[in-house]
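Below: the structure, in structure tokens.
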């Protein structure tokens, strides 16, 4: 007896050498905020200044130009600028982004 894809059982079972794919329900993902003392923690990052202010008030994480997701809570003047953020910022067209500023 030959078994085709249409006759295979659902749920990832094999039937006659044909496997099916199990579909998982969608999952909501939460951005991982950084609380460790990794390299990103040693730098001041560039992000939209309005979002920085809002984040400091609400505690909502924001994303820096380099991709780091964090909640601003410290004085950025005490840290050197993130080299990735600086490189991205310098590559932006002049006068193109109102509000781009470091943390």
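The values are calculated or read from the model by the stated rules, or taken from the named source; none is laboratory data. Computed from a predicted model, the values in this text were never measured in an experiment. Don't worry about glycine lacking a Cβ; one is built from the backbone with ideal geometry, like all the others, and counts go over all protein chains shown.
Across segment 82-103, the qualifying residues are those that are modelled with pLDDT under 70 and assigned to a loop (DSSP other than H, G, I, E, B), and the one among them that is nearest to residue 41 (Cα to Cα) is 103. Only residues that are touching a helix residue (DSSP H, G or I) at 6+ places or on another chain (Cβ under 8 Å) and either in contact (Cβ under 8 Å) with a residue 60 or more places away in the chain or not in a strand (DSSP E or B) (or both) were counted across segment 47-66, and they come to 5.
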